[in-house]
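First comes the structure, then the notes that go with it.
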Amino acid sequence: MTAASTRLVVNPLLSRIFGTADDVVVLEWPATGRRATLSRSAYRLVQQFAVPAAASEVLADLGRSAGAAGGGLEEALASLVEQEILVDVLAGSGVTRQRGLFGAPVVTLSEASRTNADVVVVGVPLDAKVTYRPGARFGPGALRRVSPALLATDADGWSAGALDPRTGSRLLEGMRVVDLGDLATSTASDGGRSMLNMLESTVGVVATSGALPVVLGGDHSLTLRVVGALCGSGGPVGVLHIDAHHDYAEPRQDSREHVHHGNFLGWVVANPHVACVAQLGQRQLTAHAPQADPKLLRWPGESALSCDVDEIVAALPPRLRWHVTIDVDVLDPAVMPSTGTLLPGGWTHREAARLLADLVSRLDVVGVGVVELLPDGGDGPVVSACDLLLRTVHAALQRRTRDA
């Protein structure tokens, strides 16, 4: 059986990154002390297998993206298998149950529906809709890899909580998390349409079950489908858009074939089931101001940070169900260099974490997503993004618990 025909996963005996240099990543097997040094391009290939994936599909997808430069991918993959950095799920490799975000079990959608989980995670390794630098398709794998450093669930997904010494609270204590893994990785042939269709149907099922869907992107265009799914699972929806960019010029109802990560909100605003889009953190320089719309509320730049959160909530329409979408580029490049469209003058991690926790805890949140993370081999930016996600999900579930 060749490497290209197997279903591979990152060896569970590997630790997180031991260290990095200018152009290499060092991995370690803690039990033996063995280490392996990889180029950053090889490490990006490893990240494609954070959850089990068919090697042939990954090779085909990356080969189409790389063009002529992708000729050595199969040899690189075979080397990773030979070094036991990637292992065959079905070949007695010791992989009994793959773990997802925060170490949660990876399950099927039907299994997730039977677990009464509080959180259901889905990864969307899609960056076909970017207009500048790709790489966000590696975001879901990176978030899963670093997440156990912040919080680890047991084998069934139950969390004992992560103690925050600053507040004395335990994040996600008593909550159950499961992970659906990544949606199919082969996207180049249809521009991601099949993956996005699958995302919309999956989020719809999860939301209807009562669990909180948490989406790991991927580029920001996928949020259009997440919002569409949430609109079909209940009453009117609001979108809390945390981003450095407007991602909007005017309401649009033309073909979604023209959607990309910088304009998707045009279709969201035009959706009759979306009652409000609240934009926080935008600092993008533009030739013309985006078109005003009654649904749009804006707190650009640092203005939301200087507001009392109760003032922001009072300005929002009441009794909405909210999707919170976090583009990591809202953070300053000094904190978050690992994103595709950098802009100076962003929030600090502490500012973002405090605002999101305070605001989300006051809203009826039915969906959370983090997008536009382009991991480059360093753990710092990925941990920052994962921490924001953890605190946002905790705040959303705490609100649900209070309202139950």
Discussion item. Using a 1.4 Å probe on the protein heavy atoms only, what accessible surface does Glu257 show? Give it in Å² to the nearest 10.
Written reply: 110
Worksheet item: Over the C-alpha atoms of the range 188-244, what are the Rg and the largest Cα-to-Cα span, Dmax, in Å?
Response: 11.8, 35
Worksheet entry | Carbon plus sulfur fraction of accessible area for the range 140-180, probe 1.4 Å, in percent | 55
Worksheet item: Helix by helix, which DSSP H runs in the chain go 18 Å or more along their axis at the Cα atoms and have an average Kyte-Doolittle hydropathy of 0.5 or more?
Response: 193-209
Item to complete: With a cut-off of 15 Å, note down the residues of the range 126-159 whose backbone N falls inside the zone around a label point 7 Å from the Cα of Ala184 toward its beta carbon.
Response: 126
Item to complete: Mind running the shape call on the range 244-286? Use the C-alpha gyration tensor, a ≥ b ≥ c as the square roots of the eigenvalues: rounded below 1.5 for a/c, prolate if a/b tops b/c, oblate otherwise.
Response: oblate
Discussion item. Please report the antiparallel percentage of DSSP beta bridges with both residues in the chain, rounded to the nearest 5.
Written reply: 30
Response to the item:
Counting only protein heavy atoms and leaving out ligands, DNA and RNA, the solvent-accessible surface of His273 at a 1.4 Å probe, in Å² to the nearest 10, equals 100
Practice prompt. For the range 331-371, restrict the atom set to alpha-carbon positions and state the Rg and Dmax in Å.
Written response: 12.1, 32
Practice prompt. Quote the FRET efficiency, to the nearest 0.05, computed for Arg350 versus Thr401 with a Förster distance R0 of 25 Å and r equal to the Cβ-Cβ distance.
Written response: 0.50
Item to complete: Send over a whole-number figure in Å² for the accessible area per residue of the range 245-391, probe 1.4 Å.
Response: 40
Worksheet item: When only the heavy atoms of the protein chains count and the probe is 1.4 Å, how do Ser110, Ser361 rank by accessible area, highest first?
Response: Ser110, Ser361
Discussion item. Return the equivalent ellipsoid semi-axes of the range 178-319 as a descending list in whole Å, where each equals the square root of 5 times an eigenvalue of the C-alpha gyration tensor.
Written reply: 26, 19, 15
Worksheet entry | Furthest towards positive pole of dipole, Leu373, Leu59, Ala275, structure part the chain, Cβ charges | Ala275
Worksheet, complete the sentence: In whole percent, the Cα-Cα distances of the range 291-395 spread across 10 Å bins from 0 upward as 14, 45, 34, 8, 0
Worksheet item: With charges set only on the Cβ (+1 for Lys and Arg, -1 for Asp and Glu), what does the dipole of the chain come to about its Cα centre, in debye to the nearest 20?
Response: 620
Worksheet, complete the sentence: Taking protein heavy atoms only, a 1.4 Å probe, and rounding to whole percent, the accessible area of the range 297-404 owed to carbon and sulfur comes out at 54
Item to complete: Return the distance in nm (one decimal) between the two label points of a simple spin-label model at Asp293 and Arg319, each offset 7 Å from Cα along Cα→Cβ.
Response: 2.3
Worksheet item: What would the Debye formula give as log10 I(q)/I(0) at q = 0.11 Å⁻¹ for the alpha-carbon point model of the range 254-336, no solvent?
Response: -0.36
Worksheet item: Using a simple spin-label model with points 7 Å from Cα along the Cα→Cβ vector, what separation in nm is obtained for Ser39 and Arg362?
Response: 5.2
Practice prompt. Return the distance in nm (one decimal) between the two label points of a simple spin-label model at Leu343 and Gln284, each offset 7 Å from Cα along Cα→Cβ.
Written response: 0.7
Response to the item:
Rg/Rh of the chain (Cα atoms, Kirkwood Rh), to two decimals, equals 0.95
Fill in: Taking all pairs of distinct alpha-carbon atoms in the range 150-255, Kirkwood radius in angstrom
16.5
Response to the item:
Expressed in angstrom and rounded, the centroid-to-centroid distance over alpha carbons for the range 243-300 and the range 107-124 is 30
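The values are calculated or read from the model by the stated rules, or taken from the named source; none is laboratory data. Predicted, not measured: the structure shown is a model, and the values here were computed from it. Positions of Cβ are backbone-derived with ideal geometry, glycine not excepted, and every protein chain shown enters the neighbour counts. Side chains included, ligands, DNA and RNA excluded: accessible areas come from the protein's heavy atoms. Shrake-Rupley method; radii C 1.70, N 1.55, O 1.52, S 1.80 Å.
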